[in-house]
Structure formats: C-alpha cells, structure tokens
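Data block below; observations after.
The values are calculated or read from the model by the stated rules, or taken from the named source; none is laboratory data. Worth saying up front: this structure is predicted, and the values here are computed from it rather than measured. Every residue, glycine among them, receives a Cβ derived from its backbone with ideal geometry; neighbour counts consider all protein chains shown. Side chains included, ligands, DNA and RNA excluded: accessible areas come from the protein's heavy atoms. Shrake-Rupley method; radii C 1.70, N 1.55, O 1.52, S 1.80 Å.
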Amino acid sequence: MTGPAGAVRERDPGLQPERTRLAWRRTTLACTVVAVLAAKQAVHDEISPAGLIAAALCLLVWLGFLRVAHHRIRTLGGAPRPAPMPARAALTATLCTIALAAFAVAIVV
C-alpha cells in the first residue's frame, strides 16, 4: 500500500483479524449446536445401532471441524498479517460442514 508522496504504509491490522476470529467462533458454535441437536434426535425415542452410528458420525465430523477452526483462530492470533488459510484446511472445513448437514438431514428424515 502506498500513502501520500509514494510512502509505503504498513498494513493496519485494525479489526479485520478480530472479526475473522469472531466469525470462526460463531461458526464453531453453530456447528456445535447442529451436532448436538442431530445427536439428540438420533437417540431421541430409542437408542438403536443406527442412531448411535449417526451420533458418532456427527461427533467425528464436529471434532474435525473444531480442529480446523481452532487452528485457524490460533493462526489469526497476534499476527498483523496472518497467513492465508491452506487449501487443505479450507477443504476440510467445507467437507465437515456439508457432512454434518447431510447427517443432520438424514437423521431427521
């Protein structure tokens, strides 16, 4: 970035990294609520092997998403210019979100 008279300015860290951390935390909270509700629905009336498997899959996917989100929140920590999110982590977060939604729908339907 250049300022007046061609002087190079440092990136102002401002609130953008903080907003991104908060967005990851909100997304993690929403993912947690979906996983808990899906697991609760899976074992709502009776505990069956299929319900236990569905609840276990929800838990596994939730843990995967939680790991990616926690790593990203830590990466955004104190760096004025955090590194971009690796493609593998972005793909993992996306797949965990889609899988959790699919498990939740399968349990309800």
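Quick notes on this structure:
- Residues being in a helix (DSSP H, G or I) and either on the phi > 0 side of the Ramachandran plot or of a type in the set (A, V, I, L, M, F, W, C) (or both) - total across segment 48-87: 20
- Test: residue in segment 84-92 that is out of contact with any strand residue (DSSP E or B) (no Cβ under 6 Å at 6 or more places or on another chain) and in contact (Cβ under 8 Å) with a residue 24 or more places away in the chain: yes
- Being in contact (Cβ under 8 Å) with a residue 60 or more places away in the chain, under 16 Å from Arg25 (Cβ atoms) and either part of a helix (DSSP H, G or I) or open to solvent by 40 Å² or more (accessible area, probe 1.4 Å) (or both) is true of Thr97.
- Segment 15-30, subset open to solvent by 90 Å² or more (accessible area, probe 1.4 Å) and of a type outside the set (Lys, Arg), residue modelled with the lowest pLDDT: Leu15
Residue-by-condition table, conditions (1) modelled with pLDDT under 80; (2) hydroxyl-bearing (Ser, Thr, Tyr):
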| site | (1), (2) |
| --- | --- |
| Pro13 | yes, no |
| Thr32 | no, yes |
| Leu37 | no, no |
| Leu63 | no, no |
| Arg74 | no, no |
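- Taken over segment 70-94, residues that are of a type in the set (A, V, I, L, M), in contact with a helix residue (DSSP H, G or I) (Cβ under 8 Å, 6 or more places away or on another chain) and under 23 Å from Leu59 (Cα atoms) amount to 3.
- Residue check for Ala90: assigned to a helix (DSSP H, G or I), surrounded by 14 or more Cβ atoms within 10 Å (Cβ to Cβ) and either modelled with pLDDT of 85 or more or more than 11 Å from the chain's Cα centre (by Cα) (or both): no
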